[in-house]
Amino acid sequence: MSHPTPETAAAEAVRRFVGRVPSDGLSRLEAQVSSRRGMPLLCAVEAVLAQALPRAAAQELVWLGGAPAPGAHLLRLRALGPGGVLLGEEAYELVG
């Protein structure tokens, strides 16, 4: 059985997260990636957000320095509503 790539796992995590957040109150989504493969991971996240987020929602995508060990990939997602109200927050450790 093959395991999904970190990019595929990140994309699926973002889809699930966005699906749980009320889209009518979403004004901003923040994604932070800590990985030695940060750019491909952020591209996977951005591709999902381009399809899943309401057009009015702002996005902040950040590749954090100080990447964890090889094969470790961390993804943190935060959804904010009007006035910066936290609508949801999740963190994932992706392997691959």
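Residues in region 18-38 that are out of contact with any helix residue (DSSP H, G or I) (no Cβ under 9 Å at 6 or more places or on another chain) and either of a type in the set (Ser, Thr, Tyr) or part of a helix (DSSP H, G or I) (or both): 4 in all. Residues of region 1-37 that are within 11 Å of residue 61 (Cβ to Cβ) and surrounded by fewer than 20 Cβ atoms within 10 Å (Cβ to Cβ): 30, 32.
For region 57-76, the candidate set comprises residues that are in a strand (DSSP E or B) and of a type in the set (A, V, I, L, M); within that set, the residue that is surrounded by the fewest Cβ atoms within 10 Å (Cβ to Cβ) is 58. Can you find a residue that is over 16 Å from residue 92 (Cα atoms), under 15 Å from the mean Cα position of the chain (by Cα) and not basic (Lys, Arg) anywhere in region 59-69? Checking region 59-69: at least one residue is over 16 Å from residue 92 (Cα atoms), under 15 Å from the mean Cα position of the chain (by Cα) and not basic (Lys, Arg). For beta carbons closer than 9 Å, sequence separation of 6+ or different chains, a first residue in region 83-96 that is more than 15 Å from residue 16 (Cβ to Cβ) and of a type in the set (Val, Ile, Thr) and a second that is part of a strand (DSSP E or B) and at pLDDT below 95, the qualifying pairs are 95/72; 95/73.
Within region 10-51, which residues are among the polar types (S, T, N, Q) and farther than 16 Å from residue 65 by Cα?
Within region 10-51, 23, 27, 51 meet the criteria.
Every residue in region 1-17 that is part of a loop (DSSP other than H, G, I, E, B) and among the β-branched types (Val, Ile, Thr), please. Within region 1-17, 5 is the sole residue that qualifies.
Is it the case that region 39-51 has a residue that's out of contact with any helix residue (DSSP H, G or I) (no Cβ under 9 Å at 6 or more places or on another chain), surrounded by 15 or more Cβ atoms within 10 Å (Cβ to Cβ), of a type outside the set (Asp, Glu) and not in a strand (DSSP E or B)? So far as region 39-51 goes, no, none of its residues is out of contact with any helix residue (DSSP H, G or I) (no Cβ under 9 Å at 6 or more places or on another chain), surrounded by 15 or more Cβ atoms within 10 Å (Cβ to Cβ), of a type outside the set (Asp, Glu) and not in a strand (DSSP E or B).
Residue pairs whose Cβ atoms lie under 9 Å apart, sitting 6 or more positions apart in sequence or on different chains, and linking a residue in region 64-75 that is within 8 Å of residue 34 (Cβ to Cβ) to a partner that is at pLDDT below 75 and small (Gly, Ala, Ser), are 73/67; 73/96; 74/67.
The values are calculated or read from the model by the stated rules, or taken from the named source; none is laboratory data. The shown structure was predicted, so the numbers you read here are calculated from the model rather than taken from an experiment. Note: ideal-geometry Cβ built from the backbone for every residue, glycine included; neighbour counts use all protein chains shown.
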